[in-house]
Amino acid sequence: MSERGATTPKLSFHAVDSAHWADFERLFESRGAPKYCWCMVWRATPEEGKLTGNANRKAAMHQRVKDKVPVGLLAYADDEPVGWCSIAPRDTYRRLVKDDTSDDDGVWAISCFFIKRELRGQGMTKRLLAAALKHARAHGAMVVEAYPVDADSPSYRFMGFVPMFEQAKFHEIGREGTRRHVMRRKLRAAKSS
């Protein structure tokens, strides 16, 4: 049972690729979803940043998916997309930390979570984070970086909260601005089969 008394759904996870684009689109166009940004805030090139509007952001994200650029994971309850985590190689984003000049090699970044409203408060974000770490490791990530905020933060809440990342063995390495904590977790190499 969840905190709200409902049964916690069984989840499966899939990377957003051409085969899952329609599900990503359906999730992002659902009520309360982030269709205003299409998770392009940290990805937009300077040229794309000049193009405003949901349709342009959606088209830019769709182009990345068609080009096979990793963008993140969908969480499914049965066959219904119910959650999203933006996890991808850090070099596919603009700099998430202004003064960071460190090498991107092997570093992936988490910049956003979205869970459908009716499933919030059931530990879904923790489960999505665990799946995202597994996904990144399977694709060669050696480090995952995240930028969560404190629970009372008035903004950037979509990036997650510090305690969840601490529980997942992330360690703070700095701050970005007054709200975002910069946290990292080293990953063990994926086992070869």
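The values are calculated or read from the model by the stated rules, or taken from the named source; none is laboratory data. Note that the structure is predicted; figures quoted are calculated from it, not measured. With ideal geometry, Cβ positions are generated from the backbone for all residues, glycine too; neighbour counts draw on all protein chains shown.
The number of residues in region 87-102 that are among the polar types (S, T, N, Q) and free of Cβ contacts under 8 Å to residues at least 12 places away in the same chain comes to 2. For first residues located in region 28-45 and closer than 12 Å to A60 by Cα, partners that are among the basic types (K, R) and at pLDDT 90 or above and lie 6+ apart or on another chain with Cβ distances below 8 Å form the pairs C37/R57; W38/R57; W38/K58; M40/R57; R43/R64; A44/R57. Across region 143-192, the number of residues qualifying as part of a loop (DSSP other than H, G, I, E, B) and among the basic types (K, R) comes to 4.
Within region 72-100, can you find the residues that are under 14 Å from the mean Cα position of the chain (by Cα), of a type outside the set (S, T, N, Q) and farther than 18 Å from S12 by Cβ? Explain how you work it out, then say what you get.
If we filter region 72-100 for residues that are under 14 Å from the mean Cα position of the chain (by Cα), which is where we start, we get 72-75, 82-90, 92-93, 96.
Narrowing the set further to residues that are of a type outside the set (S, T, N, Q) leaves 72-75, 82-85, 87-90, 93, 96.
Of everything in region 72-100, those that are under 14 Å from the mean Cα position of the chain (by Cα), of a type outside the set (S, T, N, Q) and farther than 18 Å from S12 by Cβ turn out to be A88, P89, R90, Y93, L96.
Just to check your reading of the model, which residue among A151, A141 is within 17 Å of the chain's Cα centre (by Cα) and among the aliphatic types (A, V, I, L, M)? Working first, answer last.
Values: A151 fails: within 17 Å of the chain's Cα centre (by Cα).
Checking each option against the conditions leaves just A141.
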